[in-house]
Amino acid sequence: MPSLGGGLEGRTVVIAGATSAAGLAVARALVSAGARVIATGRSDDRLAAVADAGADVAVTDATSLEDMSALAGRLDRVDGVVSLVGGWRGGGGLAGQSDEDLEALMPALRAVRATSRAFDGALQASDAGRFAIVSSTAVARPLAGGANYAAVKAASEAWARAVAHGFARSAKNSGEPLRAASVVFRAKALDPESLAGAVLGLWDADATTLNDQVIEL
């Protein structure tokens, strides 16, 4: 049986928002599989651990289309983008779903939008482009105390599915095989190592199988 992530040797993968435990686990796994990893975050200090793991780091704002487009322009190729900007706020029922909490959660959606738009051309130019986001089982069963969070995650999923549609439509219009895929990982409580293994597996499956899939972790 081939090793997980066997199709990653020599590929370039961007991790947007790589300063969490999940970002570090994914970076380590990708580097071990032979990929070049570009890890983004807002400070050198917070990116130190992923740099020590072998990733190239870029102090830049993953929620900014301008910043992400500039990063894309500096890279010769990009074969994958994993958007990990996140966070959680909740509680207090519907009455507790404040505008302030909603705004604090919005960077996750902004990062999904900015990264997918900035790297769309590069991912479609790759022979195995992969775009992935992390969502939550709260989308399927939203609770009053987590309504803000579930709404942002649902919007992020909708955007990722639109990315999948764009990949499929472009391939059909060009008469080329589908080579790029957009997927959603859903977890109730995210385990960094499980996510890392799932990310590696994206390059072990065909784009036609992966595109527009929701993968439960």
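Read-outs throughout are calculated quantities, based only on the coordinates presented, and are distinct from any laboratory measurement. Bear in mind the structure is a predicted one, so any value in this text is a computation, not a measurement. Don't worry about glycine lacking a Cβ; one is built from the backbone with ideal geometry, like all the others, and counts go over all protein chains shown.
A few remarks follow.
- Positive minus negative residues near ALA160 (Lys, Arg vs Asp, Glu; Cβ under 14 Å): +4
- Pair ALA155, LYS188: separation of 7 Å Cα→Cβ label points (nm): 2.7
- Net lengthening on full extension, SER43/GLN213 (0.36 nm per residue, minus Cα-Cα): 57.9 nm
- Computed on the chain, with alpha-carbon pairs under 8 angstrom and 6+ residues apart, the relative contact order is 22 percent.
- Debye, to nearest 20: dipole size of segment 19-158, +1 on Lys, Arg Cβ, -1 on Asp, Glu Cβ: 340
- Distance between the pseudo-spin-label points of ALA70 and ALA95 (7 Å out from Cα toward the beta carbon): 4.6 nm.
- Checking every one of the trypsin sites (Lys or Arg not before Pro) in segment 118-196 against DSSP loop status and a limit of 14 other Cβ atoms within 10 Å picks out LYS188.
- Computed label-point distance, nm, for sites LEU143 and ASP204 using a 7 Å Cα→Cβ extension: 3.3
- Residue order, fewest to most beta carbons within 10 Å, for ILE38, ILE215, ILE133: ILE215, ILE38, ILE133
- CD proxy at 222 nm, helix term only [per DSSP H run n ≥ 4: -39500 (n - 2.57); per residue of the chain; nearest 500]: -14500 deg cm²/dmol
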